[in-house]
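Peer 1: Let me give you the structure first, and then I'll get to my questions.
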Amino acid sequence: MHELRIATDLAEMVGRYASEAGWKAVERVNVTFGQFIQVVPDLLESAFREAARGTVTADAELVIEIVPAEMRCMHCGAPYMPAGDLHACQSCGSEEIELIHGKELFIKSIEGG
Ligand SMILES: [Zn+2]
């Protein structure tokens, strides 16, 4: 379950940020995940609760935004959303493709004080 590792890193980063900012409590953490990261929001949420327990982040609300995957064909240039496990270009069938969105994993913003 990779949610546990992500949540632990997340709680650590947020905690560090909050202590550098001199905050007493973190109220909200907005995170963005690409669809291909395949996090289960509920699992991430509960792992985050566990990791943040007893810290300034303990009561923070975790807001998870999932960015849909988007690819671009390097052959014909068409952008498209991959359907299921079929990643080849939907216009020309080329398999020379690049991922534009889908592997994001970052903290968008942290609110607190
Ligand atoms: Zn194409």
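Peer 1: I need the full set of residues from segment 58-69 which are within 18 Å of the chain's Cα centre (by Cα) and either within 14 Å of the ligand (Cβ to nearest atom) or in a loop (DSSP other than H, G, I, E, B) (or both), in order please.
Peer 2: Ala60, Pro68, Ala69
Peer 1: Right, next: Which members of segment 16-50 meet the condition of being within 25 Å of Lys103 (Cβ to Cβ) and either in contact with a Ser or Thr (Cβ under 7 Å, 6 or more places away or on another chain) or of a type in the set (Asp, Glu) (or both)?
Peer 2: Asn30, Asp42, Glu45
Peer 1: Looking at Gly54, Gly15, which is the one that is surrounded by 13 or more Cβ atoms within 10 Å (Cβ to Cβ) and either part of a loop (DSSP other than H, G, I, E, B) or more than 15 Å from the chain's Cα centre (by Cα) (or both)?
Peer 2: Gly15
Peer 1: Residue under question is Glu3, and the condition is that it be within 30 Å of His87 (Cα to Cα), in contact with a Ser or Thr (Cβ under 9 Å, 6 or more places away or on another chain), touching a residue at least 40 places away in the same chain (Cβ under 8 Å) and in a strand (DSSP E or B); does it hold?
Peer 2: no
Peer 1: Let me ask another. Inside segment 96-113, can you point out the residues that are in contact with a helix residue (DSSP H, G or I) (Cβ under 9 Å, 6 or more places away or on another chain) and in a strand (DSSP E or B)?
Peer 2: Leu99, His101, Leu105, Ile107, Ile110, Gly112
Peer 1: Please give the number of the condition Trp23 fails out of (1) within 16 Å of the ligand (Cβ to nearest atom); (2) touching a strand residue (DSSP E or B) at 6+ places or on another chain (Cβ under 9 Å).
Peer 2: Of the numbered conditions (1) within 16 Å of the ligand (Cβ to nearest atom); (2) touching a strand residue (DSSP E or B) at 6+ places or on another chain (Cβ under 9 Å), the odd one out for Trp23 is (1).
Peer 1: Just the residues that are of a type in the set (A, V, I, L, M) and within 8 Å of the ligand (Cβ to nearest atom), please, taken from segment 77-87.
Peer 2: Result: Ala78, single match.
Peer 1: Using beta carbons and a limit of 7 Å, which pairs, at least six apart or on different chains, have the first residue in segment 9-37 and closer than 16 Å to Arg53 by Cβ and the second one assigned to a helix (DSSP H, G or I)?
Peer 2: From residues that are closer than 16 Å to Arg53 by Cβ, the pairs are Leu10/Phe48; Ala11/Phe48; Ala11/Ala51; Ala11/Ala52; Val26/Val14; Val26/Ala18; Val29/Val14.
Peer 1: Tell me, which residue of segment 88-106 that is of a type outside the set (Lys, Arg) and closer than 25 Å to Ile64 by Cβ is farthest from the ligand (Cβ to nearest atom)?
Peer 2: Filtering segment 88-106 for residues that are of a type outside the set (Lys, Arg) and closer than 25 Å to Ile64 by Cβ, the one farthest from the ligand (Cβ to nearest atom) comes out as Phe106.
Peer 1: In this structure, is Phe48 at pLDDT below 95, within 20 Å of the chain's Cα centre (by Cα) and in a helix (DSSP H, G or I)?
Peer 2: Judged against the criteria, Phe48 is not a match.
The values are calculated or read from the model by the stated rules, or taken from the named source; none is laboratory data. All values derive from a computational prediction rather than experimental measurement. Cβ sites come from the backbone with ideal geometry, for glycine too, and all protein chains shown count toward neighbours.
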